[in-house]
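Let me begin by presenting the structure, written as structure tokens, before commenting on it.
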Amino acid sequence: MKKKQLFAGALAAAMMTASLAGCGGAASSAATSTTDGDTASSTASADTNSGVVEVTIPSYKTGENAGAAFFVPQVERFNEKYAGKYKINLESVPQDSIFNDRLKQLAQQNKLPVLVEGGDPDWVKNVVIPNGLAYDLTDWIDSTPAVKDVLIDDSREYCSNEDGRVMTMPLATVRPIGFFYNSDMWSTDADISAMSMDEFVSALGDQKIAFSTAENGWVSALFLTALVAEEDGGVEWLKSGTETKITDFNQPCFINAVAKLQNLLQNNAASNSVGAAYADAANAFMSEQAAIIANGPWMSSDFESSNSDKWSNGFDGAKVRASLFPGDIGIADTATFGEWWISASAPEDEIALAKAFLEFIYSPAELEAYMLAEGGDTPKLTYSDDFKAKQGETQVLADLAADTTTDTVFVPRILDVIPASVANTEFGKLLPSLADGTCTPEQFAQWMSDKAAEASAE
């Protein structure tokens with residue numbers, strides 16, 4: 001692939017995680033996981049004898065969760081840096097709806113932890129911020145240049161009220177999603193991201209793509225997002241769903257993209273694609289049943305030799321390369337809430353701990369460590385030479401970094417801009433019909449519109 005020039009700091013700090021992830025080791029007493037809900041809801045308290053401000057926060061990035069590999073050691077590093085002053089313990093809470101419900105329960109009980117990671121975006125937007133549950137971060141951010149200077153402008157704007165007050169922590173990093181390809185099975189000397197989608201499909205020939213059509217049709221949805229973005233008006237249509245969910249799919253950009261997805265499903269889909277969950281698609285790629293799979297940079301760890309137990313049929317992770325989508329499309333939403341916010345009801349000493357933690361995780365060393373571990377881009381950070389050298393050691397992350405330029409077009413995933421019930425279950429239900437030709441693109445668009453209307457009416 002042709003090497004491109006990164007835009008100032010583009011992939012500099014976003015995910016420097018890997019270099020430091022190994023320092024923390026496994027979960028230890030520095031970041032104790034608990035299962036006692038009351039412990040977490042109390043947010044713990046300062047030890048008046050030792051003077052240490054100690055808090056417990058619920059987190060799904062514990063145990064077997066993929067995010068735990070970086071986050072647990074990161075909390076340990078924070079605890080080590082502030083030993084004798086601050087300490088964070090982690091309460092292990094299952095991911096997704098259970099975690100979000102846990103936060104809502106704590107909020108109703110006025111027992112939110114001082115540090116809150118995420119939560120249902122609609123709940124944050126419509127309940128947390130209007131009801132003053134989030135601490136105003138504006139003055140702290142503006143008086144902390146090391147943090148302020150790395151924040152993504154679009155994210156800061158999105159995280160701010162109409163009066164400019166920043167209520168949730170804006171993003172510093174973005175992890176554009178593209179696709180991976182097995183260079184033993186398929187490769188080209190052309191710059192893939194500079195191609196049009198039609199040129200890409202022509203170059204692909206009869207090589208197969210590992211699609212998923214069950215659950216939320218994750219891999220299919222990623223390709224559909226890229227296809228929509230390349231259509232006239234597609235980028236704007238996708239971005240329109242950031243504020244208000246899209247419910248009308250009878251649009252030329254969507255129908256044309258669905259027609260192209262149908263062509264791929266009928267001519268280039270791996271043999272197991274119909275009815276395949278994501279795990280089935282990943283297995284197809286890592287068993288050389290398909291040359292291509294779309295996914296985020298976090299999948300890079302699957303291609304390390306330490307995970308070779310996932311490989312079969314001669315697959316070699318070292319032969320995997322990565323690219324953004326044709327049209328220089330990177331799937332990432334920069335106009336979004338960041339991962340963290342601070343509870344406004346917490347005592348001042350705990351708020352001081354929370355600010356120290358946010359400053360710590362937004363530091364150049366931690367940002368670079370996160371990017372090395374999970375991929376991504378910190379557009380406003382100047383990378384260290386050590387980071388750039390280490391990033392180059394992971395080929396697929398280096399590929400994505402090289403593809404990310406000032407011309408890259410970032411768009412949100414289509415699954416994120418449509419009603420949740422449609423995205424999580426309904427979208428995948430009709431994909432097999434699209435694959436076997438019993439559903440036309442126009443029928444698919446109308447069906448999506450009908451399901452979205454039902455979801456909006458509930």
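The values are calculated or read from the model by the stated rules, or taken from the named source; none is laboratory data. Remember, predicted model here, so these are calculated numbers, not experimental data. We place every Cβ from the backbone using ideal geometry, glycine too, and count neighbours over all the protein chains shown. The protein model used for the area step is the full one, side chains on, heavy atoms only, and it has no ligands, DNA or RNA in it. Shrake-Rupley method; radii C 1.70, N 1.55, O 1.52, S 1.80 Å.
The rows are residues; the columns are (1) closer than 29 Å to Lys380 by Cβ; (2) of a type in the set (Val, Ile, Thr); (3) part of a helix (DSSP H, G or I).
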position	(1), (2), (3)
Leu106	no, no, yes
Val116	yes, yes, no
Glu157	yes, no, yes
Asp189	no, no, no
Note on the stretch 419-444: residues of a type outside the set (A, V, I, L, M, F, W, C) and touching a residue at least 40 places away in the same chain (Cβ under 8 Å) are Pro419, Asn424, Thr425, Gly428, Pro432, Asp436, Gly437, Pro441, Glu442
Within the stretch 171-185, the count of residues that are more than 19 Å from Leu227 (Cβ to Cβ) and assigned to a loop (DSSP other than H, G, I, E, B) comes to 7
Within the stretch 206-261, how many residues turn out to be within 27 Å of Val320 (Cβ to Cβ) and assigned to a helix (DSSP H, G or I)? 16
Going through the stretch 106-129 one residue at a time, which ones are touching a helix residue (DSSP H, G or I) at 6+ places or on another chain (Cβ under 8 Å) and at pLDDT 85 or above? Leu106, Ala107, Gln109, Lys111, Leu112, Pro113, Val114, Leu115, Val116, Trp123, Val127, Val128
Run down Ser271, Ser183 and say which single residue is touching a strand residue (DSSP E or B) at 6+ places or on another chain (Cβ under 7 Å) and surrounded by fewer than 22 Cβ atoms within 10 Å (Cβ to Cβ). Ser183
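Condition check ((1) closer than 25 Å to Ala365 by Cβ; (2) without any contact (Cβ under 8 Å) to a residue 40 or more places away in the chain; (3) touching a helix residue (DSSP H, G or I) at 6+ places or on another chain (Cβ under 7 Å)) across all residues:
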site: Gly132; (1), (2), (3): no, no, no
site: Ser143; (1), (2), (3): yes, yes, no
site: Ile152; (1), (2), (3): yes, no, no
site: Asn161; (1), (2), (3): no, yes, no
site: Met169; (1), (2), (3): yes, no, yes
site: Val174; (1), (2), (3): yes, no, no
site: Asn182; (1), (2), (3): no, no, yes
site: Asp198; (1), (2), (3): no, yes, no
All but one of (1) of a type in the set (A, V, I, L, M); (2) within 20 Å of Ala373 (Cβ to Cβ); (3) within 20 Å of the chain's Cα centre (by Cα) hold for Ala318, so report the exception by its number. (3)
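Please enumerate the residues belonging to the stretch 144-176 that are closer than 20 Å to Pro326 by Cα and either crowded, with 23+ Cβ neighbours inside 10 Å or more than 17 Å from the chain's Cα centre (by Cα) (or both).
Val174, Pro176
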With respect to Val228, determine if the residue is modelled with pLDDT of 95 or more, on the phi < 0 side of the Ramachandran plot, open to solvent by less than 30 Å² (accessible area, probe 1.4 Å) and β-branched (Val, Ile, Thr). yes
Unmet requirement for Thr406, which otherwise passes all of (1) crowded, with 18+ Cβ neighbours inside 10 Å; (2) under 22 Å from Leu227 (Cα atoms); (3) at pLDDT below 90; (4) of a type in the set (S, T, N, Q): (1)
Taking the stretch 379-400, which residues are surrounded by 21 or more Cβ atoms within 10 Å (Cβ to Cβ), at pLDDT below 90 and either in a loop (DSSP other than H, G, I, E, B) or touching an Asp or Glu at 6+ places or on another chain (Cβ under 7 Å) (or both)? Pro379, Thr394
Would you check if there is a residue in the stretch 202-217 being open to solvent by 50 Å² or more (accessible area, probe 1.4 Å) and closer than 29 Å to Tyr158 by Cβ? yes
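Just wondering, is there one or more residues in the stretch 237-250 that are more than 25 Å from Val409 (Cβ to Cβ), open to solvent by 70 Å² or more (accessible area, probe 1.4 Å) and among the polar types (S, T, N, Q)?
No.
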